[in-house]
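The values are calculated or read from the model by the stated rules, or taken from the named source; none is laboratory data. What you are looking at is a predicted structure, and each value in this text was computed from that prediction instead of being measured. Virtual Cβ from ideal backbone geometry, glycine too; neighbours counted across all protein chains shown. Just so you know, the surface numbers come from the protein's heavy atoms only, side chains and all, with ligands and any DNA or RNA stripped out. Shrake-Rupley method; radii C 1.70, N 1.55, O 1.52, S 1.80 Å.
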Amino acid sequence: MDTRKFNRRKLLEAAAALAAAGLAPDRVFAQGTSGARAAKPLPARGEFVIRGATVLTMDAKLGDFEHGDVHVRNGAIVAVAATLAAPGAAAIDGRGMICMPGFIDTHWHLWTTVCRPLIRIDDPKRGYFPVTGALGPHFTPEDAYRSVRLGLAEALSAGATTVHNWAHNVRTPAHAGAELRAMGDCGVRGRFSYGQAQGMPDNEPMNYDDVASVKREWMPNDGMLMFGMCSRNFGPSQTALRGTISLDMARKDWGGARALGLPITLHTSGPSPIKALDEAKLLGPDVQLVHPLLTSAEDREILRQRGVSYSLAPIGESRRPASAGVIQLGELLEAGVKVSLSIDTTGTYGCDYFEAMRILYNLHQHRIGARVPLTSKRLVQLATLDGAVDLGIAERTGSLTPGKRADLILVRTGEVNIAPVGDPYEALISFAQPRNIDTVIVDGRILRRGGEFTALDYAEVLRQANETAAALRSRANWT
């Protein structure tokens, strides 16, 4: 194990002692033993009412409100109605804004974010895969921490309140701890899926002693972070840099994950592996697949029967060559397969869930049209509640249902790119941009207000990311 691995448990015990003395921040996560200081404390959970907003609850029973209030106390949604009385609660003016659940991203390689300065979309030798493949082996735990924090800063600014951190370059348990620490320090809800390090031999199984040690260290926590496993590719693949394993190795790796009670996620770029995985009895409701581009009708029926979900990453998928397949949202919806939305990576484009939804709508209309109806509201559900269903947390988040945790955003509707607003769902799909997001609240903590971070020191995040990008370039001798 890397000697820089921090002892998170001792730090939390110290924080608890400080809390008893009335001196501790609301939540503390260590930043290792490398000399980095503790993260700035997250805002406290309090009690407030968002008043006068257009409220899109994504709760079929509750419905929407043209003008409504949302009452939050100690991180939970207490009530949603046209008008609420909440004596003593702070008021947040929601007039001229849409109040809705935060976006739930179900697949994002956050460790690659700091590689941005070196990636070129117009030079195959300096594209996303060559750069991340070359730099990946040189990542330290601190590099991983800084890259994840940079990615999550963008995620919050784009309205994401939950992120599935698809970590397919976990070089040591300390790297895993660093990424989990970054997620905790930023205040997001999320799942960390532990994956093999870049360049690991395909004939070696995952080290589940290491995976188990990280699980013991971090799970359970305060309910904000979850744990899973991301598998190497199975079968013929267009992304061999990420590893391609045999069916026998998949049985070993997936068996190890299931022995620890971990959900599994797998890329399906290239020819569909679904039938082979099903014949091997590997598919089940604990499996999430990513990139539905080449599925058959038979594949989709298997997925429906097994309860497998599929994460779409339309911004990146729409840039792939025609030979890679097409984004099959319509076919999946028609077959009754669970679906969700993701960004994938921000190495070659920015985090924009509005753009992702627009691309899905445009391509659906181009390919399928009215044969499989797709409304603006259905797309917003895809980006919110469906993500919670995919990650198994729909009882906690994904809709503005009283009793669920308060993960929500406020979107300004008076700005030049979106005003005047008619149907709010149409406005979100056709016109909204990340810059319209005014407020981001995760588990009742106000992490962004007025388009600015309330606790995260973005200047420090950016400075450290620049340092890490330069150091990785030097270590990898990348020119």
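Tabulated results
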{"item": "Matching option when the condition is open to solvent by 10 Å² or more (accessible area, probe 1.4 Å) and at pLDDT 95 or above, among 216, 242", "result": "216"}
{"item": "Residue, nearest to residue 449 (Cα to Cα), within region 126-140, restricted to residues that are open to solvent by 10 Å² or more (accessible area, probe 1.4 Å) and in a helix (DSSP H, G or I)", "result": "128"}
{"item": "Output for region 38-72, where each listed residue is free of Cβ contacts under 8 Å to residues at least 40 places away in the same chain, under 30 Å from residue 182 (Cα atoms) and not in a loop (DSSP other than H, G, I, E, B)", "result": "71"}
{"item": "Qualifying residue in region 304-321 (condition: surrounded by fewer than 21 Cβ atoms within 10 Å (Cβ to Cβ), more than 22 Å from residue 132 (Cα to Cα) and touching a residue at least 60 places away in the same chain (Cβ under 8 Å))", "result": "no"}
{"item": "Sole residue being part of a loop (DSSP other than H, G, I, E, B) and within 24 Å of the chain's Cα centre (by Cα), chosen from 265, 346", "result": "346"}
{"item": "Residue 150 vs. criteria closer than 13 Å to residue 350 by Cα, in a helix (DSSP H, G or I) and either at pLDDT 95 or above or polar (S, T, N, Q) (or both)", "result": "yes"}
{"item": "Test: residue in region 103-117 that is of a type in the set (Ser, Thr, Tyr), in contact (Cβ under 8 Å) with a residue 12 or more places away in the chain and over 30 Å from residue 404 (Cα atoms)", "result": "yes"}
{"item": "Every pair of residues 6+ apart whose Cβ atoms lie under 9 Å, when the first sits in region 393-410 and is free of Cβ contacts under 8 Å to residues at least 12 places away in the same chain and closer than 12 Å to residue 76 by Cβ while the second is in a loop (DSSP other than H, G, I, E, B) and open to solvent by 30 Å² or more (accessible area, probe 1.4 Å)", "result": "none"}
{"item": "Within region 171-197, tally of residues that are assigned to a loop (DSSP other than H, G, I, E, B) and open to solvent by 10 Å² or more (accessible area, probe 1.4 Å)", "result": "4"}
